[in-house]
Each structure stands twice: as structure tokens, then as C-alpha cells.
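Contents: one structure, followed by commentary.
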Amino acid sequence: LPIEVDVVGDGAEAIESAIRFSYNLILMDVQMPDLDGIAAAEEMASEQIAPVLLLTAYSQPELVERARETAAIVGYLVKPFRESDLAPAIEVALARHREFRTIQGELRDIHESLETRKVVERAKGLLMDAHGLKEAEAFRKIQKLSMNARKSMREVAEAILLTNEL
């Protein structure tokens, strides 16, 4: 990966720089004026800007706990460290972030599937009540309408529900 570096004075500048340059990973200290590294990482997590590897001389339990609870922080390396410690810490941090993104995507897919299933079930129930269909018949009807209209089953089910409301 190409390495881009921007030296900033505080956490707010770190956030601005991360947005401007779309970094794959941020290396940041904990102690910074105004907005500390952990608070900046929290902001980056909420905006899904970039993962953060904290490089710091501070290992107090309360700081480690705050860092541990922040989704964007993918590593915490205490100074002094050797240069040879940095490459493995970066590799592990990037791997953890990729895993986290994969899990987030899978969770979004599961949530979407669940929502689709709920809508299809409601539409199926409506068809069963309105037309005296059996469950399998109602499902096949939605499925056939979906294929004929080249729309997703969710879109067809939503249309059925909307039509019923009218």
C-alpha cells in the first residue's frame, strides 16, 4: 500500500485530514490538545471514516478501556516501541478492520433479508385472507409476480401492501 502522511496538531485536524485523504489506516497519539485521539477515533467510527491504530506513551487502564470501547480503534501500541513492532501492528490492525467491515456487511445483509421476509410474510397473509389462498399459493403468487415484473419479492410485497392500504 502506498503511504501518505499528514502531520496534524489535534484530533479535529486528524478527522479533517482523514476525510480529505481517505486513509486506509490512521496512526494517532492519544494525547492531543482539544480533542484527544480516542475522541477523534470515536468520531471517525461514527462517520465510518477510517480505522485508527493508537501509538501512545500512555497505558493507564482508563485510557485502554476507552480505546477498547471505540469501534474505530483497531490497535493500541505503547511507546517506546521498536520500528520492527510497527509493521506487524499495522498488518493486524488492517486485518481486524477488514474483518469488521465484512461482519458489518453480513449484518446489513441479514437485516435486509429479515426485513424482506417480514414484508413478504405480511403480503402473503394479506393474499391468503383476501383471496382464500393457502400459504404456498400466496408465496408462489408473489414469486410469480416478482419474476414477471422483474422486481424483487420485497418490491412486489410492498406494492401488495400499499394497494391494500388504498
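The values are calculated or read from the model by the stated rules, or taken from the named source; none is laboratory data. For clarity, every value in this text was computed on a predicted model and none was experimentally measured. Counting neighbours? That spans all protein chains shown, and the Cβs are built from the backbone with ideal geometry, glycine included. Quick note on the areas: whole protein, heavy atoms, side chains included, nothing else; ligands and nucleic acids left out. Shrake-Rupley method; radii C 1.70, N 1.55, O 1.52, S 1.80 Å.
Axis of helix 83-131 versus longest Cα principal axis of the chain: the two differ by about 20°, to the nearest ten degrees. Among the protein heavy atoms of segment 39-166, carbon and sulfur supply 54% of the accessible surface, probe 1.4 Å, non-protein parts ignored. With both labels modelled 7 Å from their Cα along Cα-to-Cβ, the residue 135 to residue 104 distance reads 3.7 nm.
Based on C-alpha pairs under 8 angstrom that are at least 6 apart in sequence, the chain has a relative contact order of 14 percent.
Compute the angle between helix 135-149 and the longest alpha-carbon principal axis of the chain, please, reported from 0 to 90 degrees and rounded to the nearest 10. The answer is roughly 70 degrees. Note on the chain: dipole from Cβ charges, positive end direction compared against 114, 35, 17; the farthest Cα belongs to 114. For the chain, the longest principal axis of the C-alpha atoms and the axis of helix 153-165 are separated by about 60°.
If you count only protein heavy atoms with a 1.4 Å probe, what accessible area per residue comes out for segment 1-67, rounded to a whole Å²? Don't skip to the answer; put the middle values down first.
Values: 3700 Å² over 67 residues.
With the other protein chains kept in place, segment 1-67 gives 55 Å² per residue.
Here the sum of -39500 (n - 2.57) over DSSP H runs of 4 or more residues, divided by the residues of the chain, equals -21500 deg cm²/dmol at 222 nm, to the nearest 500.
Here's how it looks for residue 25: its modeled amide H is under 5 Å from none belonging to a residue 5 or more places away or on a different chain. Near the amide H of residue 77, within less than 5 Å, lie the amide hydrogens of 54, 55, 56, all on another chain or at least 5 residues away, with H placed in the peptide plane. The Cα-based radius of gyration of segment 52-105, divided by its Kirkwood radius, gives an Rg/Rh of 1.00. Within the shell defined by Cβ-Cβ distances under 12 Å, the residues around residue 17 carry a net charge of -4, with Lys and Arg each +1 and Asp and Glu each -1.
Under the 0.36 nm per residue contour assumption, what length would be gained going from the current alpha-carbon distance of residue 82 and residue 112 to full extension? Intermediate results must be reported in sequence, preceding the final value.
Values: separation 30, 0.36 × 30 = 10.80 nm, distance 4.53 nm.
Additional length available on full extension: 6.3 nm.
With Cβ to Cβ distances under 13 Å as the rule, what net charge do the other residues near residue 121 carry (K, R +1; D, E -1)? Before the final figure, lay out each step's value.
Details: positive: 117, 118, 122, 124, 154; negative: 115, 129, 135, 158.
In short, +1.
Here's the list of aspartates and glutamates a cross-link from residue 144 could span, going by alpha-carbon distance under 19 Å and ignoring same-chain residues fewer than 8 apart: 121, 129, 135, 155, 158.
Rounded to the nearest 20 debye, the dipole size of segment 37-138 about its Cα centre is 100 debye, using +1 on the Cβ of Lys and Arg and -1 on the Cβ of Asp and Glu.
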